[in-house]
Amino acid sequence: MTHLQAGLSPETLEKARLELNENPDTLHQDIQEVRDMVITRPDIGFLRTDDAFILRFLRARKFQHFEAFRLLAQYFEYRQQNLDMFKSFKATDPGIKQALKDGFPGGLANLDHYGRKILVLFAANWDQSRYTLVDILRAILLSLEAMIEDPELQVNGFVLIIDWSNFTFKQASKLTPSMLRLAIEGLQDSFPARFGGIHFVNQPWYIHALYTVIRPFLKEKTRKRIFLHGNNLNSLHQLIHPEILPSEFGGMLPPYDMGTWARTLLDHEYDDDSEYSVDSYSTPAKELEKDLSPKSMKRSQSVVDPGVQKRLDKNEEENMQPLLSLD
């Protein structure tokens with residue numbers, strides 16, 4: 001075992017070997033192979049190429065060198081192409097802070113039986129008068145940045161539960177193709193996290209319709225890991241044991257405290273409630289959300305297939321008509 005694996009339990013070390021092809025004898029060579037590819041993309045500013053940083057990309061792509069490098073490149077490319085999203089990228093940024101305090105995202109105290117971190121989102125908590133969808137995405141990405149520092153989570157990964165209870169059609173209308181594409185690019189295509197499952201519960205018909213619209217743009221591996229449970233929490237419990245779930249998901253634990261993860265990130269600044277609203281928000285997130293368009297979201301060919309891009313642009317032009325016509 002090298003010092004790069006020092007944070008892993010014996011069980012996780014074995015999992016990394018069997019599932020991710022991680023070999024302590026070749027670990028430094030694997031990292032160097034990825035690092036050597038950086039010169040092939042002079043158009044990208046690789047701000048970090050240290051061993052520990054590259055290792056998380058190798059783990060996310062099961063030590064396939066080229067795939068790990070492509071993910072590394074997309075990680076920095078996404079940040080270059082969406083610079084406004086990463087200005088004031090910290091928990092105390094007003095929009096991010098409000099999103100965090102409303103549980104975007106939340107994190108359960110217990111890991112699942114595979115050692116995965118369980119993230120939760122209660123969609124109806126979104127207060128449109130105080131922060132934007134871009135703020136929510138920024139809060140999620142910032143949280144993942146903090147969590148992925150844990151080598152155990154680099155290997156074991158995450159599970160996401162989204163509760164759509166009381167999420168209104170008006171709120172859903174804000175989930176435009178451009179906004180969804182920004183999220184898919186940031187989470188599926190450009191971040192070194194392993195998502196073992198994405199669970200929808202209590203979703204209304206228009207969320208089913210929305211998923212039908214975006215499904216073609218998800219990778220096959222991602223589609224296989226999305227579960228639409230509706231009101232059937234028993235099917236959720238077959239995959240995530242109720243002993244570790246809060247009562248909102250039919251679990252045996254008390255109701256989830258939305259501020260749990262926010263307190264971890266914000267610490268003593270959690271209770272510092274400066275007056276804030278979206279209308280007075282002076283940072284770029286509000287403008288970014290308003291101006292999202294295919295032109296402002298250029299993609300490299302390595303990330304989105306031209307045919308997929310064409311369909312995305314078509315959906316954008318139709319202003320979500322497919323969502324409204326599906327039941």
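The values are calculated or read from the model by the stated rules, or taken from the named source; none is laboratory data. Every value quoted in this text rests on a predicted model; they were computed, and no experiment measured them. Don't worry about glycine lacking a Cβ; one is built from the backbone with ideal geometry, like all the others, and counts go over all protein chains shown. The accessibility values were calculated without ligands, DNA or RNA, using every heavy atom of the protein model including side chains. Shrake-Rupley method; radii C 1.70, N 1.55, O 1.52, S 1.80 Å.
With respect to the conditions (1) over 21 Å from the mean Cα position of the chain (by Cα); (2) under 25 Å from Gln5 (Cα atoms), Gly45 falls short on a single one, namely (2).
Taking the criterion of being more than 13 Å from Phe191 (Cβ to Cβ) and touching a helix residue (DSSP H, G or I) at 6+ places or on another chain (Cβ under 8 Å), the residues of the stretch 44-63 that qualify are Ile44, Gly45, Phe46, Leu47, Thr49, Asp51, Ala52, Ile54, Leu55, Leu58, Lys62, Phe63. When Val201 is tested against the conditions (1) crowded, with 20+ Cβ neighbours inside 10 Å; (2) under 15 Å from the mean Cα position of the chain (by Cα), the lone failure is (2). Screening Ile54, Ile39, Ile44, Ile96 for residues that are under 28 Å from Val134 (Cβ atoms) and outside the structural domain of Ala183 (by the TED database) leaves exactly one candidate, Ile44.
Number of residues in the stretch 249-265 that are in contact with a Ser or Thr (Cβ under 7 Å, 6 or more places away or on another chain) and of a type in the set (Gly, Ala, Ser) equals 0. The criterion of at least 2 residues that are at pLDDT below 90 is met, among helices (runs of 4 or more DSSP H) falling completely within the stretch 203-288, by 205-214.
Just a yes or no: is a residue in the stretch 124-144 surrounded by fewer than 20 Cβ atoms within 10 Å (Cβ to Cβ), among the charged types (D, E, K, R) and closer than 24 Å to Leu71 by Cβ? Taking every residue of the stretch 124-144 in turn, none turns out to be surrounded by fewer than 20 Cβ atoms within 10 Å (Cβ to Cβ), among the charged types (D, E, K, R) and closer than 24 Å to Leu71 by Cβ. The stretch 1-79 holds helices (runs of 4 or more DSSP H) entirely within its bounds, and those carrying 1 or more residues that are free of Cβ contacts under 8 Å to residues at least 12 places away in the same chain and open to solvent by 50 Å² or more (accessible area, probe 1.4 Å) map to 10-20, 27-36.
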